[in-house]
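J.: One structure coming up, written as structure tokens, with questions to follow.
The values are calculated or read from the model by the stated rules, or taken from the named source; none is laboratory data. Note that the coordinates shown come from a computational prediction; the quantities given were computed from them, not determined experimentally. Positions of Cβ are generated from backbone atoms using ideal geometry, with glycine treated the same way; all protein chains shown enter the neighbour counts. Areas reflect the complete protein model, heavy atoms only, side chains present, ligands, DNA and RNA absent. Shrake-Rupley method; radii C 1.70, N 1.55, O 1.52, S 1.80 Å.
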Amino acid sequence: ADFDAKKKRKVAEIYQALNSDPIDVATLRRMAISEGGLLTDEIRCKVWPKLLSVNTDDLPPLPAREELREDNKDYQQVLLDVRRSLRRFPPGMPDDQREGLQEELIDIILHVLKCNPQLHYYQGYHDIVVTFLLVVGDRLATALVEKLSTHHLRDFMDPTMDNTKHILNYLMPIIDQVNPEVHDFMQSAEVGTIFALSWLITWFGHVLPDFRQVVRLYDFFLACHPLMPIYFAAVIVLHREQEVLDCECDMASVHHLLSQIPQDLPYESLISKAGDLFVLFPPSKLAKEAAQAAQAERTAASTFKDFELASVQERPDTVLRQRFRERPRGEERLRGEERTKSILTKPRTNRFVKLAVMGLTVALGAAALAVVKSALEWAPKFELQIFP
């Protein structure tokens, strides 16, 4: 009963934000991030366009199917991918209904590519588009996907993989900030970040079996900075710390382990942690480390500015200072001599951060993110800010 009451309150708050003049987008972002996300597809149809600033009053009509498919260089590849996408449709859906949706899916993709010749199709793009199609229908999906493709997904749609690789390069620095031991283990195994590629470029749509989990994540990503999916990827790896460290330290074993996503992830707490990590280690902080693996000693002071942006209830920086004083002085037990050198040559002042981050999850969580979000006033020019 308590859950139902909470849900009712949240629905009321969402509609209040939608009906206010001007629309209260900051509240809608907070609702999309906080526990349970946007709750229903009916609400998503109303809120997703607001999160992407898409005007739903004058959606352009969809072009004729024949026109789109004639002489289209991407048509064959899109057709193949869409035919293979059976498991992305709800089980038990009648064949003719599914086939109709698959044709719509092809149309949406070809339309976006035709209107934006600077965008290049990639395998996995259809996994994102089908999510929008199933939630909001073809006409609105076309408008939302077009906006998303020229903003959040822009880097994946370049002719080369360079920018996508650059975004993957943020994964290890985030892991290093929270858990240097896992980071060093993965470095020793030389596993790289390719295991997370399909997560990133499909917004996890391709790898999660349950559609409800996928749309819950889409609520979160649409409300956040375009790099949030890579923070979420890092949080999944960190959540599996013990499995990773128990694994054979070689590329094949670690890659195999990480590329299988567990079926029972605690999504809400992972979303909250990804939000906290974004607040603690925003992309601007990690940009240098993403570009060059090792960076000089980090001090506690460097994270205070972000905390102040995000301070709710207790001032988080005092928690951080207190944890800093209590942190154990001893160097970690090393796994074998060959790793001693790499660990000792890299300053390890950030060990305390792990304690602090996990302690703050409850205090900060989604609220902090909304604050930071409005403080940053995310703009379409984001690629200029992310990449130094």
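J.: Which links in Lys165/Lys273; Lys50/Lys73; Lys50/Lys288; Lys6/Lys46; Lys50/Lys165 stretch past 27 Å when you go from one Cα to the other?
T.: Details: Lys165/Lys273 24 Å; Lys50/Lys73 33 Å; Lys50/Lys288 33 Å; Lys6/Lys46 20 Å; Lys50/Lys165 30 Å.
The pairs that break the limit, which is 27 Å between Cα atoms, are Lys50/Lys73; Lys50/Lys288; Lys50/Lys165.
J.: Then there's this: Modelling each spin label as a point 7 Å along the Cα-to-Cβ direction, I'd like the Lys8/Thr40 distance in nm, to one decimal.
T.: That separation, rounded to one decimal, is 1.4 nm.
J.: By per-residue mean of other Cβ atoms within 10 Å, what is the highest-first order of 67-80, 190-203? Intermediate results must be reported in sequence, preceding the final value.
T.: Working: 67-80: 13.9, 190-203: 20.4.
In decreasing order of mean packing, 67-80, 190-203 become 190-203, 67-80.
J.: Also: When ranked by the protection proxy of mean other Cβ atoms within 10 Å per residue, highest first, what sequence do the peptides 10-17, 263-270 form? Please list the in-between numbers first.
T.: Numbers: 10-17: 15.6, 263-270: 13.5.
Top of the packing list down: 10-17, 263-270.
J.: What does the extension gain come out to for Leu265 and Met93, with contour length at 0.36 nm per residue minus their alpha carbon separation? It would help to have the intermediate numbers written out before the result.
T.: Numbers: separation 172, 0.36 × 172 = 61.92 nm, distance 2.63 nm.
The span from Leu265 to Met93 would gain 59.3 nm if fully extended.
J.: Now, a different point. Under the Karplus relation 6.51 cos²θ - 1.76 cosθ + 1.60, θ = phi - 60°, what is the ordered set of whole-Hz ³J(HN,Hα) values for segment 203-220, x standing for Gly and Pro?
T.: Values per residue, Gly and Pro as x: 6, 6, x, 7, 10, 8, x, 9, 4, 5, 5, 4, 5, 4, 5, 5, 3, 5 Hz.
J.: What does the extension gain come out to for Gln77 and Asp210, with contour length at 0.36 nm per residue minus their alpha carbon separation?
T.: Contour length minus the Cα-Cα distance gives 45.3 nm.
J.: Also, I was wondering about something else. Can you figure out the FRET efficiency of Ile194 with Lys114, using R₀ = 22 Å and their beta-carbon distance, to the nearest 0.05? Could the numbers behind the result be given before it?
T.: Values: r = 31 Å, r/R0 = 1.40.
Between Ile194 and Lys114 the formula returns 0.10.
J.: For segment 1-152, give the percent of accessible area contributed by carbon and sulfur heavy atoms, probe 1.4 Å, rounded to a whole number.
T.: Values: 3930 of 7750 Å².
The C+S portion of the solvent-accessible surface of segment 1-152 is 51 percent.
J.: Tell me, in nm to one decimal, what length is gained between His239 and Lys165 on full extension, where the rule is 0.36 nm per residue of separation less the Cα-Cα distance? Display every interim value, and only then the final one.
T.: Values: separation 74, 0.36 × 74 = 26.64 nm, distance 2.30 nm.
Additional length available on full extension: 24.3 nm.
J.: Would you mind getting the accessible area per residue of segment 1-152, heavy atoms of the protein chains only, 1.4 Å probe, in Å²? Don't jump to the answer; show the numbers that get you there.
T.: Values: 7750 Å² over 152 residues.
Per-residue value: 51 Å².
J.: On the accessible surface of segment 232-272, probed at 1.4 Å, how many percent belong to carbon and sulfur atoms?
T.: Solvent-exposed carbon and sulfur of segment 232-272 make up 52 percent of the total.
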